[in-house]
Amino acid sequence: SMAELVADLALEGRYAEAMTVNGLAFSAALGFSPDPAIEAMPHVAGVSLSGTGPSVVAVDDPGGDGLDRAQALWDERDGRTWRTTTRTDGARLE
């Protein structure tokens, strides 16, 4: 099953691939278009449905220009593209 494949990829340390497979599977299961993910895939390390959608998230390796390319593609779509960085110290409300 897809869930087992995702788990196996993650256990092998292939997190970006696990993220991508999981996102495509959930897009199909929840009825969201995979098009934003598919167009970003050649440029980034991983791409997935965010939560239960409809937003999509992409990650790239440090120093790569893949997020710039994905953002340029996504900026042509309806909606907003947000660019942020990963935090390791938790979230807080201000």
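How many nm separate the modelled label positions at residue 76 and residue 29, each set 7 Å beyond the Cα in the direction of the Cβ?
It works out to 3.1 nm between the two label points.
Just going by the charge dipole of region 47-94, with Lys and Arg at +1 and Asp and Glu at -1 on Cβ, which of 88, 63, 47 is farthest out on the positive end?
Most positive-ward Cα: 88.
Please report, as a whole percent, how much of the solvent-accessible surface of the chain comes from carbon and sulfur atoms (probe radius 1.4 Å). Please report the intermediate quantities before stating the final value.
Values: 3710 of 6790 Å².
Here carbon and sulfur together make up 55 percent of the probe-accessible area.
For a quick check: with amide H placed at 1.01 Å from N, whose amide H comes under 5 Å from residue 50's, ignoring anything fewer than 5 positions away on the same chain?
55, 56, 57
Roll a 1.4 Å probe over the protein chains and send me the accessible area per residue for the chain in Å². Write down the numbers at each step before the final one.
Working: 6790 Å² over 94 residues.
Each residue of the chain exposes 72 Å² on average to a 1.4 Å probe.
Using θ = phi - 60° and the Karplus form 6.51 cos²θ - 1.76 cosθ + 1.60, what ³J(HN,Hα) does each residue of region 76-90 get, whole Hz, x for Gly and Pro?
7, 8, 5, x, 10, 10, 10, 10, 9, 10, 6, 10, 10, 10, x
In debye to the nearest 20, how big a dipole does the chain give about its Cα centre with +1 on each Lys and Arg Cβ and -1 on each Asp and Glu Cβ?
Charge dipole, the chain, about its Cα centre: 260 debye, nearest 20.
The values are calculated or read from the model by the stated rules, or taken from the named source; none is laboratory data. Because the structure is predicted, anything quoted here is derived from the model rather than measured. Because the Cβ atoms are built from the backbone with ideal geometry, glycine has one as well, and the counts that use them run over all protein chains shown. These accessible areas exclude ligands, DNA and RNA; they are computed on the full protein's heavy atoms, side chains included. Shrake-Rupley method; radii C 1.70, N 1.55, O 1.52, S 1.80 Å.
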